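J.: Let me begin by handing over the structure; questions about it come next.
The values are calculated or read from the model by the stated rules, or taken from the named source; none is laboratory data. Owing to the predicted nature of the structure, the values given are computational and were not obtained by experimental measurement. FYI the Cβ positions are ideal-geometry reconstructions off the backbone, even for glycines, and counts take in every protein chain you see. In case anyone asks, the SASA skips ligands and DNA or RNA and just uses the protein heavy atoms, side chains included. Shrake-Rupley method; radii C 1.70, N 1.55, O 1.52, S 1.80 Å.
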Amino acid sequence: MSKNVTDEKRVYIIEVMDGEHRWTVKHRYSDFHELHEKLTAEKNVDRRLLPPKKILGKNSKSLVERRQIELELYLQTLLQLFPQATPAPLACFLHFHLYEINGITAALAEELFHKGEQLLQAGEVFSLSPLQLYSVSQQLRLAKPTCCNGDAKTDLGHILDFTCRLRYLKISGTSGPVGTSNIRENSLPFDLSVFKSLLQIEISECSSRQIRGLSSLRSSLVTMSIHHSTETMMSILVPESSEFSQWEPEGAESGCPVTAIIPVWRNMTTLDMSRNCVSTIDSSVKLIREVEFLDLSHNQLTSVENLQYLYNLVHVDLSYNSLRVLEAAHTRLGNIKTLSLAGNQLERLTGLTKLYSLVNLDLSHNQLAQLEEIRNIGSLPCLEKLNLSSNPMCIIPDYRTKVLAQFGDRAAEVCLDGDVTTEKELDTVEVLKAIQKAKEVKDRMSSGNKKPVETSCPSCSATWCPLLPSHLLALSSSSSSSSSSNNNKDFTTQLSQYLCAAMKEEKMKNDEQQERKEEKRSEVREVPSHVESTEVGSPSPGSRDGYFEMGLDDSVEESVCSSSSTSLATPPPPPAEEPGGHQGELCDREQEEVHISRVLWCYCLQVEQEVEVEQRRACLVLTDQHLGLLHLTNSFTWTNQDADPGQSPPVKEVLSSLQMNFLLPYSQLRLSCGGELPDCCLAFGLQSGPTRWYFFSEAEQLRQTRAELRALIQSEAEEVRQVLWLSVVLYKSPEAELTCCLLLSTDTIYFLLEDSASTLAHHSVLDITDSGDTDVCLCCCLSIRLSELQSVNVGLFDQYFRVVGRSADHIVCCLSRDSYGTGVFLQELMSALSLQQHLPPPEPSDQDFYSQFTSTNTGKMQNYELVHSSRVKFIYPSEEEMGDLTFIVAERKTPASAAATSTSRSFNVLLYLLVFQVQMPNSLSSQASSSSSSGLAPSPVLQPRTLILTSTDVFLLDEDYISHPLPDFAKEPPSRERYQLREARRIRDLDRVLLGYQTYPQALTLVFDDLPGPDLLCHLTMDHFAAGGEEGLPRRGGGCGAASGGAEGEVQWCVFVPGADSRERLISLLARQWEALCSRELPVELTG
């Protein structure tokens, strides 16, 4: 025994030895005295055996050393007095229940005596340590009674009864010594044969060489997990292999002599041997034929062998091993559905081509660099989830679309890297498929000696269809060459005339058809019997060829995709056979010339039903209202081999070879996103119909055409992105808070205000709609176009935001009173702004603005503004604004006289909420008299307030949301101060919280004790926080008569919190701070 003196408290360190095991125990003299009292009362030990206390001279060195010797002699004497069974107080004093065999089994038996039946009935996993199992195994080997200390609760039979019926067991060891002892659990042998009904076992940090009786679990075990415990599968599955070198599984036929027949694991379906040091899959797997789930991850495997014996295998995890090659995997893995090969060193996938039943495949964190390797798994018919993240190929441009293109028609069914395939990606895949099909057709049509010329796109490395001859590009409206300017102008002029003539002719044709239909209807009305006498097969009165005419309501798709053979030769021929469904929307007014803004010569691919592909040389024409597509006939073979290099073909010859494909208004088109397509490709389709067109030309001309076409299409289509109900305050009318329905579209922010907004006559930008019908409500609308948006100010804790337009009439503060709603609106607004700039929307982030823009080194904000690509500023609260709030706390804690000399202190604002305070109208004499005479109680009024919760106090303020911070065009400061403190109370004065209010169920009533104490408002002397027109605030009662009186000596705050999450957070923080200050739980009561 030794002593340890710390802060004049002497601790005696006792070293206990039991055979090879030893441990230490620390006790003070008072612990010895308590032990002696128990032994005296229970075992009649002599009271004089313990060294007495010393009052005088107890700190002397000689006394301490003499007491150490006496205490050691005392313990030795006690152990000699009880040689057979150590008393329970002494065993607990020496930690026998932690380190000694008898003590450990006694403690475990007593625990199972009290809780064993409940644990078995609950069916939960029971945990044991290797030291406990070692102690039970050693007790069973000793020839002595199962209960040697006379206490029936500690009988070993309780353990044996429990282990025989236990079904779920977990054995967790430790890598180092146990506690203060020298015992290492991974070196202790233990026996599992006492477990007769185990269905699941998990073993970790135990040496497989020390496990006995594992083979006795073969008949019952269903799931087995082994971690950090073995180097071979053989030592776990066939522990008899250490005794028999030649063995065979039960039921197997062997041609050579064997020394043992090993029973199989009959019921095992799950084997988890992850996180071990297994280097090979040996023949022991022959004994686990029924296994369906096999996890060998985080081992040292270099090859996959012997898995062909596992006929029922469904899920295999071989991740994070050392696999470099996996050849002919189907011969070993069979019909598996899930395969994880993540974290290996695979460079090729040739061995996975025949895993036809595979559904989920994880290949992340490997060495796959070539996209060609994906072809090996692209034909797997059942593959749905594929993970290729963290491979070298992931840095390839357009990596996702190029991978998905390898799956052909199944690209939409494959989830790549955990992300579902988007429509944009599918469009790009269709383009790549169309290019590939066109290339194959071109190769088949080419002669043996003449190979097709492939032109490389300047923006990507892929080869694509041959571009148009350069002499046709000279006729483009964007061509600036002086040699072709005359032909270019002449071509554009004549093309405009032809388009105008075609539109006029089509209009006349539609008028004639409409007249014939009107005549037909009149004839039917006059002679109804004529219809009945008409034969079924006879042509209709308005038809010319014996077929029924296609009217304006016929299918758009059938008419658009119909082949047209009308050319544009001089003189103007009959107009092209345009889609019948689109003719009714053509321009009605006659005009001498159609304004052509752009002409693009291109190579066109028309895809029908995603199967049929038609390729043509075409001319794309952009006018002010319509988009036209004309294609060149095969008869056009003009070449400039004998002409000058810059000469272009005759205009008349080109026009005579053009045929009209379609002429559509922009409202019927749907443009594909250019972010997923190469720069040399433009794609669009119909709003209704599967037909799509892909155009290939020079990248710069296509870029300009795409931008112009997108502007023309989006100018006619506006989409609503978000609808949000909230309250708003207008900059020109800061005194009124209006209910509003906010509509965010792709072009404008609309504020649909309540009826009372119509009284704001000085607000000139309000659009007021009155239908004249009494059943239709008046609607006031304020709109701010996104192109005119200048900035968005985000309030503290995202409780509100302010939208700033081009003038004071276009400043609106939106009081969402909900941080989630504000966050969603800001995200949608950024996406809409990005859409206008033709950029991809920002990716959603789990981090807020401050987490992203805060330096972790200094803790200071580096930037409080987020400038969007559209030049719109998103301004977040700075430290100065937070300082205005914390000043309230600092000023009421620091006397005004010492404020100038006091050092800076830090006060935390725990919660900031925009709430309403439920108040009764002021008790003026006139109101009181009228109320008393009428007998009607005044209705409650909701006053908007800002609630601030600190660690010790609660504050209610009036806040000017609309005027601060000042807009850029403001020329004078606002008339109102930003913060006006109305109420302040200490949290420790809070008596209880009442939930439930008859008029407003979401309201909370905070009941404070009106006790004398320091006034929280007396030190707020700055004019910045003073109420306008008032010299000061009342000392008690909450200020301005806002708080309810309640019972005598109480002050009540009735606060209405709109958001449920904010309300729960307020109650939670109040309860936490109140408990910290008052050391008991906050009373929360439910009222009617």
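J.: Sort out which residues of the stretch 366-386 are more than 14 Å from Thr338 (Cβ to Cβ), in a loop (DSSP other than H, G, I, E, B) and open to solvent by 10 Å² or more (accessible area, probe 1.4 Å), and write them in order of number.
T.: Gln367, Ala369, Gln370, Ser379, Pro381 - these are the residues of the stretch 366-386 that are more than 14 Å from Thr338 (Cβ to Cβ), in a loop (DSSP other than H, G, I, E, B) and open to solvent by 10 Å² or more (accessible area, probe 1.4 Å).
J.: Any idea which residue in the stretch 287-313 is surrounded by the fewest Cβ atoms within 10 Å (Cβ to Cβ), counting only those that are of a type in the set (Phe, Trp, Tyr) and over 38 Å from the mean Cα position of the chain (by Cα)?
T.: Taking the candidates together, the pick is Tyr311.
J.: Only one residue in Arg721, Arg703 is under 24 Å from Thr746 (Cβ atoms) and in a strand (DSSP E or B), so which one is that?
T.: Every option except Arg721 fails the conditions.
J.: Another one. I'd like the residue in the stretch 598-628 that is out of contact with any Lys or Arg (no Cβ under 9 Å at 6 or more places or on another chain) and among the aliphatic types (A, V, I, L, M) and, out of all such residues, is modelled with the lowest pLDDT.
T.: Val611
J.: Additional query: Which one of Val453, Val441, Val431 is more than 24 Å from Leu361 (Cβ to Cβ), of a type in the set (Val, Ile, Thr) and at pLDDT 75 or above?
T.: Val431
J.: Modelled with pLDDT of 85 or more and touching a Phe, Trp or Tyr at 6+ places or on another chain (Cβ under 9 Å): does that describe Val723?
T.: Judged against the criteria, Val723 is not a match.
J.: Could you check, for the stretch 84-96, whether at least one of its residues is open to solvent by less than 40 Å² (accessible area, probe 1.4 Å), of a type in the set (S, T, N, Q) and out of contact with any Leu (no Cβ under 7 Å at 6 or more places or on another chain)?
T.: no
J.: Determine which member of the set Arg706, Arg670 is modelled with pLDDT of 75 or more, open to solvent by 30 Å² or more (accessible area, probe 1.4 Å) and under 34 Å from the mean Cα position of the chain (by Cα).
T.: Of the residues listed, the single one that is modelled with pLDDT of 75 or more, open to solvent by 30 Å² or more (accessible area, probe 1.4 Å) and under 34 Å from the mean Cα position of the chain (by Cα) is Arg670.
J.: Looking only at residues that are assigned to a strand (DSSP E or B), within 21 Å of Gln139 (Cα to Cα) and without any contact (Cβ under 8 Å) to a residue 60 or more places away in the chain in the stretch 171-199, which one is farthest from the chain's Cα centre (by Cα)?
T.: Asp191
J.: Take Glu202 and decide whether it is assigned to a helix (DSSP H, G or I) and either within 45 Å of the chain's Cα centre (by Cα) or among the charged types (D, E, K, R) (or both).
T.: Considered against the rule, which asks whether it is assigned to a helix (DSSP H, G or I) and either within 45 Å of the chain's Cα centre (by Cα) or among the charged types (D, E, K, R) (or both), Glu202 comes out as no.
J.: Sticking with this one: Does Ser284 count as touching a residue at least 40 places away in the same chain (Cβ under 8 Å), crowded, with 16+ Cβ neighbours inside 10 Å and either of a type outside the set (Val, Ile, Thr) or part of a loop (DSSP other than H, G, I, E, B) (or both)?
T.: When the stated conditions are applied, Ser284 passes them.
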